[in-house]
Each structure stands twice: as C-alpha cells, then as structure tokens.
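Following: one structure in structure tokens, then a few remarks.
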DNA sequence: GCAACTTTGTTCCTGCGTTCACAAGCGGCT
DNA sequence: AGCCGCTTGTGAACGCAGGAACAAAGTTGC
C-alpha cells in the first residue's frame with residue numbers, strides 16, 4: 001500500500017524496453033502524437049524537430065531527447081517522417097491494442113464522460129458504467145446500460161477492463177477504487193478529490209478541478225496590482241464554424 | 001505571445017510576497033487545504049507535520065518546506081493550529097476573494113461543470129455560460145442562462161470574470177481563448193486538446209483527458225507480462241452510503 | 001525553575017529533468 | 001563524385017525540487 005500518486009518513475013526494475021522514460025516525457029509524447037496526426041491529416045509527411053517542437057510548445061532539444069526514448073527514427077538533414085513517428089510513439093505508449101474503460105459514478109461528470117462516445121481519440125472504448133443509485137441501474141447512458149457498483153469486480157474481470165475512471169463523490173472513491181482493483185484493474189483515473197491508497201502495482205492519475213482552480217487563483221492573486229486588463233483590443237468578429 | 005502552458009515558475013520578477021513558490025508546492029498547498037478543512041469539520045484543532053503529510057500523501061519534510069513558503073505559523077513541540085493554517089493558505093492562494101468563473105462550450109463537459117453548483121468547494125461561483133449554438137442561447141443551465149460566444153468580451157468584462165473554462169472542441173478553443181483574453185480574463189482552464197497561444201500575462205492550465213489516458217496506457221504496456229491480476233481478493237461487501 | 005522530549009524551520013545534499021552545444025550523418029547541389 | 005549545409009542524436013552542464021539531518025524553540029512533567 002504505497003501512496004505514490006502522480007510524479008514518479010516509470011521503470012524501477014526492468015530497463016529492457018528502452019531506457020526508463022521520464023514521466024514528463026510520456027505526457028509530452030502524447031502531445032506530439034496529437035500534433036502529428038493533425039499534421040498528417042493536412043498532408044504533411046515530414047517535420048523537423050524545430051517545427052514539431054514549436055507546434056507542441058516545447059524546446060526542440062527537449063523534443064529530440066523525448067523522441068530518442070522511442071528510438072532514433074529521424075533522418076539527419078531532413079527531419080522526421082510523420083507517419084513512421086506516429087507508429088513508433090503509439091507503440092511505446094501501448095496504443096496498438098485497445099484499452100477497455102469503465103466509468104464509475106454516473107453523475108454530471110460521469111455522464112459527460114460516458115457520452116464522449118469512443119472516448120477521446122480512438123483506442124479507449126467505454127465498456128462498463130457503474131453507480132450506486134438503484135434507479136440508474138439498467139438505464140442506458142450513451143448506449144451502455146449502467147451496472148451496480150457491487151458488480152464491479154465481476155464485470156471488470158469479465159470485460160477485461162484495463163482503465164477505471166472514478167467520478168464518484170470523495171466519500172465513495174476509496175471503496176470504488178478497492179472494487180476496481182479487486183476486478184483486476186490496474187490503471188485508475190481519479191476525478192474525486194482524495195488521495196487513493198492502492199497496491200504498488202496500480203497506477204493512479206489524479207485530475208483535480210479544485211486544485212487547478214486554486215492554482216489559477218494563486219497566480220491571479222500575485223499579479224501586478226492593476227485591477228483588470230484593458231478591454232477588448234481584439235476584434236470580436238467571432239467566426240466559429 | 002509565449003507558449004508557456006503548465007510547468008514554469010511563479011514570480012520571475014517581484015519577490016515581495018514571500019519568496020517564489022514552486023508550482024508543485026502550490027498544488028500541494030491546495031491539497032493540504034482540503035485535508036485541513038476536512039479535519040476541522042471533525043473537530044481537529046492541531047496537527048503535526050507528520051500527520052498532515054500522511055493524510056496528504058507526501059513527505060513530512062516536503063510539507064514543512066511548503067508551509068514555510070506561507071510563513072512560519074507552527075508551534076514547535078506542538079504542531080500547526082488547523083484554523084490558523086487554513087487562513088494563511090487561503091490568503092496565499094488568493095481564496096479570500098471570490099473568483100467569478102465563465103464556462104465556454106456547453107456540451108457534455110460544459111454542462112457537467114455548469115451544474116456543479118458553486119463549483120468545487122467554495123469561492124468559485126460560475127457567473128457566465130457561453131456557446132455558439134443559437135438554440136442553446138437563453139436556455140438556463142444550472143440556473144444560469146447561456147449567452148452567445150460573440151458576447152464573451154462584454155459579458156466577461158461586465159461580470160468581472162477572472163477564470164475562463166474552455167470546454168469547446170479543439171477547433172474553437174483558440175478563438176474562444178482570444179475572446180476571453182479580450183474580455184480581460186487572465187486565467188484559463190483549458191479542457192480542449194490544443195496548446196493555446198496567449199499573451200505572457202495570461203496563465204493557462206491544461207486538463208487533457210486523452211493525455212492522461214495515454215499515460216496510463218504507457219504504464220499498462222510495460223508491466224510484468226502477466227495478463228491480468230488475480231480476481232477479487234477483496235470482499236465485495238460494498239456499503240456505500 | 002529546570003530538564004527532557006517533541007516538533008518545527010532550515011540548511012545541506014543528492015538526483016532528475018531540461019537546456020546547451022557539438023559531432024555525426026544524410027541529402028542536395030555543382 | 002565530392003563538398004556544403006542542414007538536422008538529428010547525444011554527451012555534458014546547469015538548475016530546481018525533494019529528502020535527510022540537524023539546530024532552534026517551545027511545552028510538559030517533575
């Protein structure tokens with residue numbers, strides 16, 4: 001029972017699959033991936049580290065080092081083949097096979113996530129929904145019927161859920177987490193404002209709305225004392241779609 | 001126009017308000033705050049660094065260092081007065097005054113956020129909702145009518161919005177962002193999967209579902225080759241509420 | 001009132017991540 | 001075919017954050 005939420009290392013033992021990749025680098029790789037697929041759709045077949053870094057908002061040296069973790073697939077004097085690079089990053093991130101997702105807690109947020117359809121981008125199909133509320137059980141949300149939280153272990157094992165998303169109130173999060181772990185789920189995305197206690201082989205990512213807002217509040221608090229920035233210097237000709 | 005999303009420093013100039021606080025520390029302080037308010041509700045008036053650190057899942061030395069940023073308000077041999085500490089952390093995080101929040105993009109996620117009511121914890125009232133869809137404009141969501149995105153600059157200036165939350169599709173995010181900035185908003189929470197370009201005095205926090213899932217996928221990919229963990233060693237006697 | 005224990009606040013140190021800078025390598029041009 | 005310029009990949013330095021250890025300080029018990 002360790003507490004290791006967020007930040008920490010990747011491969012404490014076993015450095016066979018390339019050398020250990022820093023966690024921050026993994027996050028950036030996911031961003032490169034998105035930029036790359038977007039560029040490929042626009043017909044771009046080759047990008048230099050400078051271009052890609054610019055689009056991702058990072059230093060080009062950082063980008064090159066990140067890409068060196070996945071292997072050396074660039075051509076000197078030219079740049080990176082976008083298609084090849086996508087392929088290799090996807091492989092490193094384990095996106096070649098699908099990851100079945102379960103959403104627990106079908107409140108406002110859970111409802112929103114369930115309706116995402118195929119979930120952000122491809123490769124993360126939602127295959128199970130759970131809630132405590134008996135009135136919700138059986139009702140389809142986003143085309144999938146809700147099951148009772150008591151059935152989490154069986155259903156998760158049966159449907160081979162790899163990622164559990166916790167959208168319950170804080171008070172229920174730990175219990176739900178234990179049930180997911182019991183069902184063999186070893187990756188958890190936690191939206192509840194609590195630090196989950198999990199076995200060391202379970203990975204938890206926490207997304208905390210309140211913390212994000214408070215960090216923004218902090219930066220707002222220590223600004224130049226000027227009250228508010230000048231109003232509307234940008235043309236309000238909003239042409240969205 | 002800098003790109004500085006996430007990570008970076010706090011007070012590049014001006015170290016008047018205590019010394020520069022590392023960004024990571026700010027995030028942890030928000031967590032301490034939650035733990036403390038929870039403990040106060042249970043009648044706890046004093047906590048040692050060891051206790052508080054345990055509850056927050058961090059090292060006690062780290063906690064003491066974090067608290068030293070807000071000032072020295074502990075009593076040696078005793079610990080910290082929970083009420084006093086909450087007060088000082090709230091002051092540092094700028095939570096003493098309210099931060100008016102605007103939500104842009106009333107889709108699944110925007111709908112969920114608008115319905116949060118007073119928004120996570122207290123101090124972040126949602127005072128404006130926006131969408132492009134004419135059919136949505138005027139309809140109240142969570143008790144607040146939706147306005148058209150074209151009116152973002154005026155409405156934000158008028159209602160003194162300090163934090164803008166972007167829940168639009170990626171394609172609209174940058175335009176919406178520009179409109180918020182035009183309305184004087186200098187803190188943005190971005191749920192759209194794009195790196196926003198903003199003036200250097202605007203702070204952007206990004207919450208990216210796809211990236212979080214892909215990071216989990218990465219850790220899942222490089223595990224002990226064993227297929228799935230053993231099933232249900234935990235009693236499924238789920239007694240939630 | 002004194003001594004011993006407890007807990008804070010801080011200094012030092014270690015280690016990781018980011019950045020800089022350069023050598024190696026590849027394509028294009030003459 | 002050889003040279004030139006561009007871009008990658010990596011070795012080394014820098015800087016920050018986290019952890020350990022210690023000194024200062026305050027409280028409790030005698």
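The values are calculated or read from the model by the stated rules, or taken from the named source; none is laboratory data. Because the structure is a prediction, the values reported are computed rather than measured. Because the Cβ atoms are built from the backbone with ideal geometry, glycine has one as well, and the counts that use them run over all protein chains shown.
State all residues of region A:28-42 that are closer than 20 Å to residue B:208 by Cα and surrounded by fewer than 18 Cβ atoms within 10 Å (Cβ to Cβ); if no residue qualifies, say none.
A:37, A:38
Of everything in region B:43-61 that's more than 9 Å from DNA strand C (Cβ to nearest atom) and within 13 Å of chain A (Cβ to nearest Cβ), which residue is surrounded by the most Cβ atoms within 10 Å (Cβ to Cβ)? Checking each candidate, the answer is B:56. I need the full set of residues from region B:21-60 which are part of a helix (DSSP H, G or I) and touching a residue at least 40 places away in the same chain (Cβ under 8 Å), in order please. Hits for region B:21-60 are B:25, B:26, B:29, B:30, B:32, B:33, B:34, B:36, B:37, B:39, B:40. From the list A:141, A:198, the one residue that fits, being more than 20 Å from residue B:210 (Cβ to Cβ), more than 10 Å from every other protein chain (Cβ to nearest Cβ), in contact with a helix residue (DSSP H, G or I) (Cβ under 9 Å, 6 or more places away or on another chain) and surrounded by fewer than 22 Cβ atoms within 10 Å (Cβ to Cβ), is A:141. All conditions in (1) farther than 24 Å from residue B:181 by Cβ; (2) in the same structural domain as residue B:171 (by TED's automatic domain parsing); (3) at pLDDT below 95 hold for residue B:135, with the sole exception of (3). Got a sec? Which of B:225, B:236 is modelled with pLDDT under 95 and within 7 Å of chain A (Cβ to nearest Cβ)? Result of the check over B:225, B:236: B:236. Is there a residue being outside the structural domain of residue A:35 (by TED's automatic domain parsing) and within 15 Å of the chain's Cα centre (by Cα) anywhere in region A:166-181? Yes: region A:166-181 contains one or more residues that are outside the structural domain of residue A:35 (by TED's automatic domain parsing) and within 15 Å of the chain's Cα centre (by Cα).
Filtered by the rule that a residue be more than 10 Å from chain A (Cβ to nearest Cβ) and more than 16 Å from residue B:60 (Cα to Cα), region B:21-40 gives B:22, B:37, B:39, B:40. For region B:67-87, the candidate set comprises residues that are within 14 Å of chain A (Cβ to nearest Cβ) and either at pLDDT below 95 or near DNA strand C (Cβ under 9 Å from one of its atoms) (or both); within that set, the residue that is surrounded by the most Cβ atoms within 10 Å (Cβ to Cβ) is B:70. In region B:181-194, the residues that are facing another protein chain (nearest Cβ under 7 Å) form Cβ pairs under 6 Å with partners that are in a strand (DSSP E or B), at six or more places apart or across chains, as follows: B:187/B:163; B:187/B:203; B:189/B:165; B:189/B:205.
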